[in-house]
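Scroll down for the structure; my scribbles are underneath it.
Read-outs throughout are calculated quantities, based only on the coordinates presented, and are distinct from any laboratory measurement. All values reported here derive from a predicted model rather than from experimental measurement. FYI the Cβ positions are ideal-geometry reconstructions off the backbone, even for glycines, and counts take in every protein chain you see.
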Amino acid sequence: RNRDAVARRLGFDAVARVRQVHGNGVVRLDRAVEPWPEADALWTDRPGVLLSVAAADCAPILVVDPASGRIGAAHAGWQGTRLRVAQALVRALVGAGSRASALVASIGPSIGPCCYTIDAARADLVRASGQSAYLHPGPDGAIVFDLWSANVAQLQDLGVESIELSRICTRSGGHDLWSYRGRDADGRYGTHLGFIGRDAGAA
């Protein structure tokens with residue numbers, strides 16, 4: 001309901017979304033569909049379509065090609081980052097005709113390297129993906145996984161030059177932000193929504 005309320009407020013009829021599964025699948029969605037396809041990134045080149053991803057510590061990544069009007073959104077937690085979902089989205093846009101160097105990307109509020117630790121088994125999977133540079137020693141033997149730097153590097157490695165990183169940590173940024181790891185004593189937490197769309201009247 002929140003998505004639909006935002007869509008109406010922004011002048012869109014509905015929201016195109018996916019069933020996020022912590023992978024690297026990408027789908028093209030030119031309208032809202034049900035059931036939601038399983039994927040963690042989506043894109044369109046149609047005006048009048050509002051794309052959305054949800055996150056509660058994972059990184060919401062929004063991408064636009066100002067030249068063509070193509071837009072995309074991705075949801076990157078530790079698994080999506082390990083599987084390079086940001087790069088999968090960029091490759092989909094490039095495959096549709098965009099130039100990576102022309103893309104503009106924004107990485108929204110998400111858990112920062114100040115607060116995000118993973119266990120040894122997950123760290124081994126990250127190392128196996130070739131991203132050990134973003135693992136650092138943490139407190140009490142834990143391992144920090146820097147999702148921010150990893151996703152920025154993924155975008156840069158494919159030639160994306162314009163990248164905005166919010167540097168707002170959902171875990172430590174204050175009570176106005178939802179965090180899965182910062183859920184309350186009853187285990188309750190909320191999610192942030194990332195939206196990107198083009199007005200139906202856009203060229």
Looking at the range 5-50, I'd like the Rg to Rh ratio, where Rg is from alpha-carbon atoms and Rh is Kirkwood's inverse mean 1/r. 0.99
Amide H within-cut-off set for Ile168, under 5 Å, with H built and near neighbours excluded: Ser110
For the range 136-151, in residue order, the Karplus 3J(HN,Hα) values (coefficients 6.51, -1.76, 1.60; θ = phi - 60°; whole Hz; Gly and Pro = x) are 9, x, x, x, 6, x, 6, 10, 7, 10, 7, 4, 4, 5, 4, 6
Need one word for the range 73-185: rounded, prolate or oblate. Basis is the Cα gyration tensor (sqrt eigenvalues a ≥ b ≥ c); a/c below 1.5 gives rounded, then a/b vs b/c decides. oblate
Taking amide H atoms as placed 1.01 Å from N in the peptide plane, list the residues 5 or more away in sequence, or in a different chain, whose amide H sits under 5 Å from that of Gly77. Ala59
For the range 6-73, averaging the sequence separation of alpha carbon pairs under 8 Å that lie six or more residues apart and dividing by its residue count, the contact order in percent is 29 percent
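More than 16 angstrom separation, counting every C-alpha pair in the range 107-162; what % is that?
So the pairs more than 16 Å apart make up 43 percent of the total in the range 107-162.
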Per DSSP H run of at least 4 residues, take -39500 (n - 2.57); add these up for the chain, divide by its residues and hand me the 222 nm value, nearest 500 deg cm²/dmol. -6500 deg cm²/dmol
Within the range 125-159, what residues put their amide N at less than 17 Å from the label point 7 Å along the Cα-to-Cβ vector of Ser101? 155-159
Per residue of the range 52-63, in order, report the coupling 6.51 cos²θ - 1.76 cosθ + 1.60 (Karplus, θ = phi - 60°) as ³J(HN,Hα) in whole Hz, putting x for Gly and Pro. 9, 10, 10, 8, 9, 2, 5, 8, x, 10, 10, 9
Which FRET efficiency value, to the nearest 0.05, is calculated for Val33 and Asp199 with the Förster distance at 25 angstrom and r the Cβ-Cβ distance? 0.75
Quick check on the range 23-110: take the gyration tensor over C-alpha atoms, sort the square-rooted eigenvalues as a ≥ b ≥ c, and tell me if it's rounded (a/c under 1.5), prolate or oblate. oblate
Counting only DSSP beta bridges with both partners in the chain, the antiparallel fraction in percent, to the nearest 5, comes to 70 percent
At what distance in nm do the modelled label points of Arg8 and Arg127 sit from each other, each positioned 7 Å from its Cα along Cα→Cβ? 5.3 nm
Amide H contacts of Ala14 (H built 1.01 Å from N, under 5 Å, at least 5 apart or other chain): Leu50
Shape of the chain, Cα gyration tensor, a/c cut at 1.5: oblate
